[in-house]
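Before any comments, here is the structure.
The values are calculated or read from the model by the stated rules, or taken from the named source; none is laboratory data. Just so it is clear, the structure is predicted and the values come from calculations on it, not from any experiment. Cβ sites come from the backbone with ideal geometry, for glycine too, and all protein chains shown count toward neighbours. Just so you know, the surface numbers come from the protein's heavy atoms only, side chains and all, with ligands and any DNA or RNA stripped out. Shrake-Rupley method; radii C 1.70, N 1.55, O 1.52, S 1.80 Å.
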Amino acid sequence: MTRVLAGPYCTQILGDLGIKNNQLTWNRADVIKIEHPTRGDDTRAWGPPYAQYTNGEDGPGESAYYLGVNRNKRSIGLSFQHPAGVDILHRLVKECDVLVENYLPGSLAKYAMDYDTVSKLNPQLIYASITGYGQTGPYRNRAGYDVMVEAEMGLMHITGSRDGPPVKVGVAVTDLTTGLYTSNSVMAALLGRARTGKGQHIDVALSDCQVATLANIASSCLISGKKDTGRWGTAHPSIVPYKAFKTADGDILLGGGNDRLYGVLCNKLGKPEWITDERFKTNAVRVKHRDTLEELIENETRQKSTQEWLEILEGCGMPYAAINDVQDTLNHEHVLARDMVKEVEHPACGTIKMVNTPVKWSDSKPGIRMPPPTLGQHTDEILGETLGMSKDEVEALRNEGVIA
């Protein structure tokens with residue numbers, strides 16, 4: 001019962017983990033996506049771009065946003081504002097191990113779908129609630145959006161160029177980390193249930209997850225009692241040189257993380273004399289003379305193309321990387337060698353490309369078993385096979401507008 005990004009990302013991870021092992025037996029995670037019967041998940045309308053329909057269906061197609069976080073799921077179009085819709089949800093709750101929802105705290109109670117109600121129907125249920133600010137606290141009733149939480153919980157303040165304004169991260173990273181934390185917590189709760197036989201309510205807030213992922217920056221503030229050091233762009237506050245530099249046709253990130261690696265960089269730049277320069281001999285003095293050294297390095301890197309520098313630095317042992325756009329990333333030889341882009345057959349759009357699940361396993365084989373579903377694609381299947389409803393019952397519900 002989730003929409004947009006954090007919840008669907010969590011449940012897609014759980015769906016990915018429904019796998020076939022090498023003995024050809026299935027450990028299948030059956031993820032059922034409850035959607036509004038006419039408009040579905042909000043992100044179905046978030047385009048362009050769309051994967052265009054190839055089956056003659058009207059409309060622009062399936063949005064790329066929706067397709068990116070909804071594989072390995074079945075979709076049922078269901079209105080739970082109708083009592084018959086709530087009855088279906090209650091019947092599903094009795095059959096399910098996990099329920100994930102991302103509604104405002106307390107708002108599902110009027111549909112009898114709050115944890116206190118459904119845990120009585122299924123005491124073993126793991127019920128995960130994803131919200132902006134959690135089930136408790138003064139902000140509990142606020143709607144949570146990634147960019148707002150990035151701003152309010154510190155991330156935006158430390159993101160951006162040194163002298164520039166605060167900026168958001170290029171993807172909705174707070175939503176994504178919240179989805180990761182939730183999927184991990186669901187798995188832990190299932191392990192706990194295997195020991196105790198009891199389900200539980202998991203309260204996951206974007207705000208909490210964002211504070212947690214401030215990581216070493218938060219720790220520095222807590223230990224020192226001082227403010228953070230602000231935005232550093234691609235640079236590091238206490239290591240020099242460690243940032244992106246302009247090339248003749250783009251940018252390259254260079255990481256002289258210690259004195260030895262700094263020496264490697266100097267030699268590759270054709271400036272071995274910088275190694276013994278009193279202004280740059282140790283990291284401490286390099287930090288002190290940051291602006292001078294970084295300007296000298298960029299004067300050199302601008303003389304060649306990014307590809308030329310990549311060839312010069314190949315095998316040197318110092319960290320370096322081209323700064324690629326997303327299309328270049330998806331066509332990167334290493335990304336393709338790691339099988340991170342897959343072609344999938346979609347029932348309405350034909351062959352589409354998707355980013356694969358990232359973790360490689362020695363025995364199990366997680367992956368894309370099912371393309372992202374069309375709205376209500378599996379309604380009849382779920383009601384008939386999972387809940388044992390007759391075709392006449394299903395058709396009557398469809399005629400009443402309860403399902404799609």
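Below, the figures for the structure above:
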quantity: From the options VAL186, VAL169, VAL204, residue that is in a loop (DSSP other than H, G, I, E, B), at pLDDT 95 or above and either β-branched (Val, Ile, Thr) or in contact with a Gly (Cβ under 8 Å, 6 or more places away or on another chain) (or both); calculated: VAL169
quantity: Count of region 103-112 residues which are out of contact with any His (no Cβ under 8 Å at 6 or more places or on another chain) and either open to solvent by less than 50 Å² (accessible area, probe 1.4 Å) or touching a residue at least 40 places away in the same chain (Cβ under 8 Å) (or both); calculated: 5
quantity: Every residue from region 138-163 that is open to solvent by less than 80 Å² (accessible area, probe 1.4 Å), touching a residue at least 40 places away in the same chain (Cβ under 8 Å) and in a loop (DSSP other than H, G, I, E, B); calculated: GLY144, MET153, GLY154, LEU155, THR159, GLY160, SER161
quantity: Test: residue in region 238-256 that is part of a helix (DSSP H, G or I), open to solvent by less than 70 Å² (accessible area, probe 1.4 Å) and farther than 25 Å from ASP325 by Cα; calculated: no
quantity: Pairs with Cβ under 6 Å, 6+ apart, first in region 267-285 and free of Cβ contacts under 8 Å to residues at least 40 places away in the same chain, second assigned to a loop (DSSP other than H, G, I, E, B) and surrounded by 14 or more Cβ atoms within 10 Å (Cβ to Cβ); calculated: TRP274/PHE280; ARG279/HIS289
quantity: Unmet criterion (only one of (1) in a loop (DSSP other than H, G, I, E, B); (2) open to solvent by 30 Å² or more (accessible area, probe 1.4 Å); (3) among the small types (Gly, Ala, Ser); (4) touching a residue at least 24 places away in the same chain (Cβ under 8 Å)) for GLY315; calculated: (4)
quantity: Answer residue from region 28-69, given it is assigned to a loop (DSSP other than H, G, I, E, B) and among the aliphatic types (A, V, I, L, M) and is nearest to the chain's Cα centre (by Cα) among those; calculated: VAL69
quantity: Pairs with Cβ under 8 Å, 6+ apart, first in region 188-204 and polar (S, T, N, Q), second surrounded by 15 or more Cβ atoms within 10 Å (Cβ to Cβ); calculated: GLN200/ILE126; GLN200/TYR127; GLN200/ALA189; GLN200/ARG193
quantity: Matching option when the condition is among the hydroxyl-bearing types (Ser, Thr, Tyr) and more than 20 Å from LEU14 (Cβ to Cβ), among THR117, THR174, THR178, THR182; calculated: THR117
quantity: Criterion violated by VAL169 - all others in (1) free of Cβ contacts under 8 Å to residues at least 24 places away in the same chain; (2) open to solvent by 80 Å² or more (accessible area, probe 1.4 Å) satisfied; calculated: (2)
quantity: Within region 290-312, considering residues that are assigned to a loop (DSSP other than H, G, I, E, B) and either polar (S, T, N, Q) or without any contact (Cβ under 8 Å) to a residue 40 or more places away in the chain (or both), the one least open to solvent (accessible area, probe 1.4 Å); calculated: SER305
